[in-house]
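To keep things clear, I will list the structure first and then write my remarks on it.
The values are calculated or read from the model by the stated rules, or taken from the named source; none is laboratory data. It should be emphasised that the depicted structure is a prediction, and the values quoted were computed from it without experimental measurement. Side chains included, ligands, DNA and RNA excluded: accessible areas come from the protein's heavy atoms. Shrake-Rupley method; radii C 1.70, N 1.55, O 1.52, S 1.80 Å.
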Amino acid sequence: MTAFQWLAVPALLALFLWDLWHLGKGPLTTGSRLLRMTMWLTAAVAILRPDWVQAIAQMLGIGLGANLVLYLFALAFLWTSFFLYARIVRLRQEMTEVVRQLAWMRARRGDLS
């Protein structure tokens, strides 16, 4: 094992155990935690067995395992960007509705200050 593997794999396993310990607790949903746990394990396996990443890349017709990882990160970035944008738009709509309701309630009471 290389020095990078000795450093990265225990860190990833610690993150996995952290998420496992906090499964069902805190602000993250169980699905989010499970997705994160899957990502930690996948990254650990990819670091321990880079030849597997290379084999998968070749099966998919991609020349290098590093290119496969890059493509997956690019797709994940795009998905995350669109997901977060949609959440921001929804949050703005909800805030607008709350402000409208508050203004309407104040107007009915005659509180115009």
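Express the accessible area of the chain per residue in Å², computed with a 1.4 Å probe while the remaining protein chains stay in the model.
Details: 9290 Å² over 113 residues.
Heavy-atom SASA per residue in the chain reads 82 Å².
Can you tell me the orientation of helix 3-21 relative to the chain, as the angle in degrees between its alpha-carbon axis and the longest Cα principal axis, to the nearest 10? Result, in degrees: 40.
Computed from Cα positions, the angle between helix 30-48 and the longest principal axis of the chain comes to roughly 20 degrees. In order along segment 65-82, the phi-based Karplus estimate (6.51 cos²θ - 1.76 cosθ + 1.60, θ = phi - 60°) of 3J(HN,Hα) comes to x, 5, 5, 4, 4, 4, 5, 5, 5, 5, 5, 5, 5, 4, 4, 4, 4, 5 Hz; Gly and Pro are listed as x.
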